[in-house]
Amino acid sequence: MASPILDLAGVTLEVNHLPRGVRFYTQVLGLTLLEHDEGRGVAQFRVNDAQTLTLWKPITRQPNDPRLAPLHVRGASHLHYAWQIQPHELDRCKALLDEHGLGWQEIDLGTPERPDPTVYFFDPFGHGLELRGVDLADGRQPAYPPTPGDGERGPHALPVLGLREVALAFGDYPAMKERLPRAYGFAFAKEQPDRDFAQFTLGPDPEPDGNGTPRRWLYAWDPQVGLADMFGGDHVYAQFYARVEEVRDRVRAAGLPHVEEGGVLAVRDPEGHVFEFRPPR
């Protein structure tokens with residue numbers, strides 16, 4: 001049965017200083033600021049026509065989004081997530097990170113026959129960012145493919161095309177591996193042989209990762225450091241495009257707490273993550 005999950009729509013990060021976060025994500029990533037509300041502790045950015053990045057400053061006894069208050073949602077802490085770039089931009093990205101005074105680490109995730117160099121660095125709040133090259137001509141396209149124009153962000157900003165992946169930590173890894181396909185419909189693709197690390201394709205069918213695919217991904221692993229000493233996120237709030245009615249049926253059958261408004265479904269996972277499912281654009 002095809003997965004009802006269609007693509008990655010956005011992610012929300014927790015920060016302790018909203019203006020500093022706005023400066024970083026506008027200047028270093030070149031994102032367009034859509035909203036900055038100090039009273040609510042919220043800043044939201046446009047990534048491309050289909051994706052957003054949001055920052056939340058947690059405020060005592062005040063939900064950043066009242067609609068989600070019953071789910072006790074928080075932004076992600078120390079999240080590892082990735083950005084798509086065109087492969088030929090990698091050297092430029094490293095020079096730009098140097099220009100901004102940011103340390104980085106390069107790791108080749110490919111094979112000798114087909115290298116896949118990837119760059120990792122951290123934002124000011126400990127979130128782990130990754131720059132991953134994508135082949136725009138690859139046939140394995142997501143629902144909302146990246147386009148070259150998405151990377152036009154000014155001479156001093158990283159030429160990111162879109163969000164590629166989000167990585168979550170799960171204390172009970174075996175229960176997670178069973179629950180994510182059953183309770184939501186995520187398409188399990190594979191897991192690593194040497195650690196508790198599962199890959200879910202954000203699309204109708206499980207597909208292999210790597211080698212330039214523009215597909216988007218949900219990664220799930222144990223609460224240990226991964227590549228470049230990056231953690232999967234705790235209490236992650238992530239947004240996905242999906243066939244919402246199919247996800248709703250699964251969520252109800254699993255008995256998970258959820259709220260729905262305007263055709264958008266938000267669900268609290270037993271490990272504290274909140275997943276939001278939005279209808280296709």
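Against the test of being modelled with pLDDT under 95 and on the phi < 0 side of the Ramachandran plot, the options D98, D108, D91 yield a single qualifying residue, D108. On the stretch given as region 5-43, residues that are in contact with a Leu (Cβ under 9 Å, 6 or more places away or on another chain), among the hydrophobic types (A, V, I, L, M, F, W, C) and in contact (Cβ under 8 Å) with a residue 40 or more places away in the chain total 10. All of G139, G162, G151, G185 fail the test of being open to solvent by 10 Å² or more (accessible area, probe 1.4 Å) and either of a type outside the set (G, A, S) or touching a residue at least 12 places away in the same chain (Cβ under 8 Å) (or both), apart from G151. It is to be established whether one or more residues within region 175-182 are in contact (Cβ under 8 Å) with a residue 60 or more places away in the chain, of a type in the set (D, E, K, R) and part of a helix (DSSP H, G or I). Yes, region 175-182 has at least one match. Of all residues in region 114-153, those satisfying the criterion of being assigned to a strand (DSSP E or B) and within 17 Å of L29 (Cβ to Cβ) are T118, V119, Y120, F121, F122, G128, L129, E130, L131, R132, G133. Counting only residues that are under 25 Å from V15 (Cα atoms), open to solvent by less than 20 Å² (accessible area, probe 1.4 Å) and of a type in the set (A, V, I, L, M, F, W, C), region 114-136 holds 4 of them. Consider T32 against the criteria (1) under 19 Å from the mean Cα position of the chain (by Cα); (2) buried (at least 18 other Cβ atoms within 10 Å of the Cβ); (3) not hydrophobic (A, V, I, L, M, F, W, C): it satisfies all of them except one. Which criterion is unmet? The failed condition is (2).
Of all residues in region 117-165, exactly one satisfies the criterion of being at positive phi and modelled with pLDDT under 95, namely G154.
When we screen L90, L109, L96 for residues that are hydrophobic (A, V, I, L, M, F, W, C) and within 19 Å of the chain's Cα centre (by Cα), the only hit is L109. Note on region 248-281: residues that are under 19 Å from the mean Cα position of the chain (by Cα), over 13 Å from A9 (Cβ atoms) and not in a loop (DSSP other than H, G, I, E, B) total 3.
Would you check which residues across region 35-55 are open to solvent by less than 10 Å² (accessible area, probe 1.4 Å), of a type outside the set (V, I, T) and assigned to a strand (DSSP E or B) and list them? Within region 35-55, A43, F45, L53, L55 meet the criteria.
Cβ-Cβ distances below 9 Å connect the following pairs, each with a first residue in region 210-228 that is assigned to a loop (DSSP other than H, G, I, E, B), a second residue that is basic (K, R) and open to solvent by less than 10 Å² (accessible area, probe 1.4 Å), and a separation of six or more residues or different chains: P214/R164; R215/R164; R216/R164. Open to solvent by less than 10 Å² (accessible area, probe 1.4 Å), touching an Asp or Glu at 6+ places or on another chain (Cβ under 9 Å) and at pLDDT 95 or above: does that describe L68? So L68 passes the test. Scanning region 74-113 for residues that are free of Cβ contacts under 8 Å to residues at least 40 places away in the same chain and assigned to a strand (DSSP E or B) turns up E106, D108. Taking the stated definitions as given, is R278 open to solvent by less than 50 Å² (accessible area, probe 1.4 Å), closer than 21 Å to Q84 by Cβ and of a type in the set (K, R)? Taking the combined requirement at face value, the residue does not satisfy it.
The set of residues in region 214-259 that are of a type in the set (K, R) and closer than 19 Å to P142 by Cβ comprises R215, R216, R243.
The values are calculated or read from the model by the stated rules, or taken from the named source; none is laboratory data. This is a predicted model, so every value here is computed, not measured. With ideal geometry, Cβ positions are generated from the backbone for all residues, glycine too; neighbour counts draw on all protein chains shown. Calculation scope for accessible area: heavy atoms of the full protein, side chains included, ligands and nucleic acids excluded. Shrake-Rupley method; radii C 1.70, N 1.55, O 1.52, S 1.80 Å.
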